[in-house]
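Shown next, in structure tokens, is the structure this report addresses.
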Amino acid sequence: MAEVFRAVMPGVEGFRRTFVVKRILAARAKSADFVEMFVQEARIGALLNHPNIVQVYDFGNVDGNYFLAMEYLRGRDLSALMHRLRDRQRPCPVAVAAFIAREVAESLAYAHALTDPEGNPLNVVHRDVSPSNIMCVRAGGVKLLDFGIAKAMGAAVEQTGQGVFKGKLSYMSPERIQDEPFDGRSDLFSLGVVLWEILTGRRLFRGQTEADTLKNALQMRVPPPSALRPEVPAALDAIVLRALERDPDRRTPNGQEMADGLEEVLAETRYHSKM
């Protein structure tokens with residue numbers, strides 16, 4: 001829905017700051033729905049201040065062109081990283097996979113718990129947790145991107161109508177597929193899919209058609225990652241499978257609990273930052 005530029009803001013005495021300008025595509029600018037998604041991203045982005053979430057600096061409209069000024073991240077998204085690993089027939093180190101998921105879980109714990117200045121819950125749900133929205137920064141950090149389709153305020157219901165979904169089908173929770181009320185646990189299901197795929201190097205639910213993908217997400221038996229990769233510890237299997245529970249009441253209840261469990265796995269796998 002947008003195009004992204006790397007930009008430089010010059011200042012006095014040779015001061016320069018690199019950042020990103022995200023601008024809504026001209027073809028989309030006439031669509032009220034796309035403009036509202038873009039404005040929603042700006043509204044939510046202005047509220048988010050967390051080391052694992054991309055920072056939004058500014059939002060504006062110049063001659064009818066909406067734009068966001070955002071933090072510049074030097075790195076690659078997780079989708080590109082996974083493709084490179086598959087091309088080289090190399091698995092992602094188990095500890096690195098757990099670290100990436102831990103960082104995303106921390107960001108979701110923060111976003112889901114966000115309140116307004118009066119302390120009222122905002123009920124932010126990302127709705128598009130997927131490899132292309134997880135940035136692995138060269139300096140070693142992990143950032144969650146793109147709150148453009150996030151939902152805030154009140155109980156979130158899809159309400160897209162006529163079978164049109166917002167987000168990527170392969171990572172969508174069962175409650176969203178079935179147009180049922182959902183909350184932050186929907187994002188944790190998506191993160192469970194991402195973690196399963198990092199560990200195994202395979203796609204989990206994606207089928208030959210969209211109908212196959214949706215059916216797989218609702219019905220397919222999910223094998224533990226260790227069934228495809230024996231070195232995955234039992235504790236990590238348990239975290240993945242709990243995140244992938246189709247009944248939200250049986251699923252990991254919040255991002256902090258998932259992050260805490262992954263922290264224990266990192267200790268077990270002797271993770272260190274230079275990995």
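Structure above, values below:
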item	result
Residue within segment 13-28 that is open to solvent by less than 50 Å² (accessible area, probe 1.4 Å), farther than 30 Å from A234 by Cβ and assigned to a loop (DSSP other than H, G, I, E, B) present	no
L78 open to solvent by less than 30 Å² (accessible area, probe 1.4 Å), in contact with a Pro (Cβ under 6 Å, 6 or more places away or on another chain) and farther than 19 Å from M258 by Cα	yes
Residue among A259, A243, A235 that is in contact (Cβ under 8 Å) with a residue 40 or more places away in the chain and in contact with a Gly (Cβ under 9 Å, 6 or more places away or on another chain)	A243
Single match in P223, P253 (criterion: in a loop (DSSP other than H, G, I, E, B) and either closer than 14 Å to V104 by Cβ or open to solvent by less than 50 Å² (accessible area, probe 1.4 Å) (or both))	P223
Residues located in segment 58-113, provided they are of a type in the set (S, T, N, Q) and free of Cβ contacts under 8 Å to residues at least 24 places away in the same chain	N61, Q89
Close pairs from segment 9-35: first closer than 20 Å to V62 by Cα, partner aliphatic (A, V, I, L, M) and assigned to a loop (DSSP other than H, G, I, E, B), Cβ under 6 Å, at least 6 apart	R28/M1; F34/M1
Any hit, segment 242-262, residues being more than 24 Å from H112 (Cα to Cα) and aliphatic (A, V, I, L, M)	no
Test: residue in segment 184-192 that is farther than 28 Å from D33 by Cβ, open to solvent by less than 20 Å² (accessible area, probe 1.4 Å) and touching a helix residue (DSSP H, G or I) at 6+ places or on another chain (Cβ under 9 Å)	yes
Qualifying positions in segment 108-125 - open to solvent by less than 70 Å² (accessible area, probe 1.4 Å) and farther than 20 Å from L145 by Cβ	T115, D116, G119, N123
The listed residue being farther than 19 Å from G201 by Cβ, at pLDDT 90 or above and open to solvent by 10 Å² or more (accessible area, probe 1.4 Å), out of R102, R86	R102
The lone exception for I177 - which of (1) at negative phi; (2) at pLDDT below 90 it fails	(2)
Residue that is among the small types (G, A, S) and farther than 19 Å from Q256 by Cα, where the choices are G201, G192	G201
Output for segment 256-274, where each listed residue is assigned to a loop (DSSP other than H, G, I, E, B) and either open to solvent by less than 70 Å² (accessible area, probe 1.4 Å) or among the polar types (S, T, N, Q) (or both)	T269, Y271, S273
G60 being over 23 Å from Y171 (Cβ atoms) and modelled with pLDDT under 95	yes
Residue check, M70 open to solvent by less than 60 Å² (accessible area, probe 1.4 Å) and in a strand (DSSP E or B)	yes
Cross-chain or 6+ apart pairs with Cβ under 8 Å, segment 174-193 first and under 21 Å from P225 (Cα atoms), then β-branched (V, I, T) and modelled with pLDDT under 95	S186/V125; D187/V125
Segment 29-57: number of residues that are more than 20 Å from the chain's Cα centre (by Cα), surrounded by 12 or more Cβ atoms within 10 Å (Cβ to Cβ) and assigned to a loop (DSSP other than H, G, I, E, B)	2
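The values are calculated or read from the model by the stated rules, or taken from the named source; none is laboratory data. Since this is a predicted model, take the numbers as computed values, not measurements. Reconstructed Cβ throughout: ideal geometry from the backbone, glycine too, with neighbour counts over all protein chains shown. Accessible surface is based on the protein model in full, side chains and every heavy atom, while ligands, DNA and RNA are left aside. Shrake-Rupley method; radii C 1.70, N 1.55, O 1.52, S 1.80 Å.
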